[in-house]
Every structure is written in structure tokens, then in C-alpha cells.
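Just below is one structure, and these are the notes that go with it.
Computed from the coordinates by the stated procedures, all read-outs in this text should not be read as laboratory data. Given the structure is predicted, the values throughout are model-derived calculations rather than measurements. Cβ: placed from backbone, ideal geometry, glycine included. Neighbour counts: every protein chain shown.
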Amino acid sequence: MYYASFPIQELGEKGDWDYNLKAVFCVGILDFEFDEENQGLEEVIHTVQLKNQHNQIFYDKLKFVYLEMPHFNKSEKELETRLDKWLYFIRHLEDFQTIPEIFKDEVFEKAFKKAELANYTKQERAEYEESLKTYRDLKGVIDTAFDEGKLEGKLEGTKGKLEIAKALKDKEQLGKSDNYRKAVYDIYCQNKNGEQIIVELQKAKQKYFKDRTMYYASFPIQELGEKGDWDYNLKAVFCVGILDFEFDEENQGLKEVIHTVQLKNQHNQIFYDKLKFVYLEMPHFNKSEKELETRLDKWLYFIRHLEDFQTIPEIFKDEVFEKAFKKAELANYTKQERAEYEESLKTYRDLKGVIDTAFDEGKLEGIKEGELKGKLEGKIEIAKALKVNGISIEMIVKTTGLSEQEVKSL
């Protein structure tokens, strides 16, 4: 997840950009077995995508594919598909003395050629040797730590957890400048467990708002990275979108308020529980004050009707909600906060004006195009009928206004 955030950010563009991201595919070739969630399944391929609570694919531009190679046990004679051949190639590459007959085509021969050490340049050979040295050194350190841990009783039999090294926390941000790494959210905070929470309010619909959410979610994921000796143990990231518009797609007539989106595998099991998107589709929340039952109901009602309240309703008379109302009162704003609020309101109103104008212009253009298309289709139907009844092309041209060539092509 950490490294997947890099290409997502790199797809961002400066200036006038609509957040339309290209797809990112992450393929992991694993030389080990998953310890969890297998439930006895000996599958080789695991596909993971962002799906909603109904297990429908919510966002199709991010996909993880894991190849669990220890589960691929087909013999050369059992290979049927091209995928079988690639998996066999990956699994047994280091064992091949010659190229098997089944791989005698241009693509596989090219792959074998790339894999032959004899064809390495001096630099490639040096990089390979350095990589091998690093792997062997690391393996030696891990094996030694394992033996020492076992000796000290940190393992019970062959099971248990081994702490190889303590993570060193470096508060500095990694690699890039503050300006490049930071993104702006309505609310960006963390709880006492270090989990990151992003809350964004979207008043106006954007064409690529899912891409926008994905793009900004990549920032806190990267910021969780640590320099030095780090084991990639990320804290959870939760992205909450409060939407003042309706989804146009995938609703299938459902008028749901809450949409939860997580990374799930091909069996619709949660594969990774440290990234979660929650979208609140506020136009679908229509409960009255008397119908509020849960605390979540109250918060949704609070968000939906905050600007309409003249006084604090009796149902909100507790410390947390009173604090929220106090925060929302303009009278309590400092001079700077008031200025920021007014600027935010101006930006929203300007944006809404632009969107409304664009919509109206688009609607007018659509009407014009529809009328022109309708007239043309009407002329074509008349011309066809006249032609069937033996009327001359010259007469049809005069009657319909179509060109002679258009009439002949009917």
C-alpha cells in the first residue's frame, strides 16, 4: 500500500487538472504463503480491489494482484494457458538448463535471454551481484536473529512472534519537500492510536471525484513512512467524504446514505483493513428530528440541517453536540477565522455560479443539438418514404433539403 501511493501521486498534474487519474496496477510475486484468510484455499492468484458494502467494484483504477507462487505446482505437461506458462516460467526459471520446447516462441525466448547472466552488461552483472549480496547478508542477519530469539525463549516451539529489530521513529518527512507532500483537507487529524482521519466536504459534484479522493488519500499513507529501520507497519487511514450530491452510477435505485469502501479480494473478503473510505450521501438522509434513533442519526441530521438551526434542538443537549454548535457559531469566530470563512463562502459561491452557468449552457447546447438531430432524422425518414414510392431524386432533394448524395446513400 505504501509504494502504491507513489505512482498515484506522480499521476497528479499541476495547474488546471480535473483529477482524472490513470489506472494503477500493483503485481506482487510472492515466494511465500499468506498466513491468514486462506481458509484452506490453495489459490495462486489473489485479486484485490476497492469494493463497497454490496461487494460491487467502487473504483476500478486501483488493482492489486498477488501471485502466491508456492501454490503453483503444475508440471510442464499440465500447462494449458499462457498464464500457466508464465507462472511456470517464474516458478522454475532458476532450474532451467535449456529452454523447454513449450516456451519456444518469440516472447518467452526474449524473456529467457533477459534472464541469462551471460548476456548481462558489466553494470547489470555488478547490480545483480550487489543485489544477491544484499539478499544473502539480510538472510544471514534474519537467520541469526531467529536462532538467538529461539535460544532466549522468544519462540514457543516453532511458532510465535520474533522481534528482529525495534523500529526507529524519525519525525522528518521522507524524501520530498513539505510543499510537494502536503495536501489540503477540510479536516485532517489523527486519533490516540496514530490512525489518520481525513474528512472532506464536497458541495459540488466533480466528474472524477473518486479519483480526487484516491489522490489525496495517498498523501497520509506516504507521510506514515519512516526513515531508517522500518518494517512497513502502517497505521490505518480513514477517508470520510460528506457529499452534498448524489452518485449517478451504481445506485440501482438504492437511496443509501452511507457507502463503505474497502480493499477486498475475489471472494469479497476484506484483504486490507487499514484503508477505508466512507462516503455520506447527504441528499438521501431525510429523517425528521423525531425519527432520530442512533448517535449516527443525530450527527447526520446535524450536518444536514446545521445552517437552518436558530437554536439548539433539545435532542442535541449534551456536551459534545453543544461544543459542535459553539464551534459552528459565526459570532464566536476570531477576525481571522471570519475572514477565512467569508473567503471560503466566496470561493464556493463563485464555483457554484460557474457550475450552474456551465450546466445551463450545456443544457441549451444539448437542446439545440437535439433539435438539429431530430430535424435531420425527420428529413431522412421522409426521403426514405418518398424513395420507396418511386419519387425522383431531384424531387426528394427539393422536398427535404438533403443533398443528392445523401438521398442516393439512403
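Of the residues Asp211, Asp186, the one with the fewest other Cβ atoms within 10 Å heads the list, and the complete ranking is Asp186, Asp211. Loop-located GluC sites (Glu not before Pro) across the range 266-323 with a Cβ neighbour count of 13 or fewer within 10 Å are Glu293, with loop assigned by DSSP.
Ranked by how many other Cβ atoms sit within 10 Å of their own Cβ, fewest first, the residues Val65, Val240, Val48 fall in the order Val65, Val240, Val48. Neighbour counts of C-beta atoms inside 10 Å place Met395, Met214 in the sequence Met395, Met214, starting with the fewest.
Applying the criteria of a DSSP loop state and at most 14 other Cβ atoms within 10 Å to the trypsin sites (Lys or Arg not before Pro) of the range 9-106 yields Lys14, Lys22, Lys74, Lys104.
Each of His267, Ala339, Tyr279 was scored by the projection of its Cα onto the charge dipole of the range 261-347, and the greatest displacement toward the positive side belongs to His267; charges sit on the C-beta of Lys, Arg, Asp and Glu. When both the range 83-130 and the range 217-247 are represented by their alpha-carbon centers, they are found 38 Å apart.
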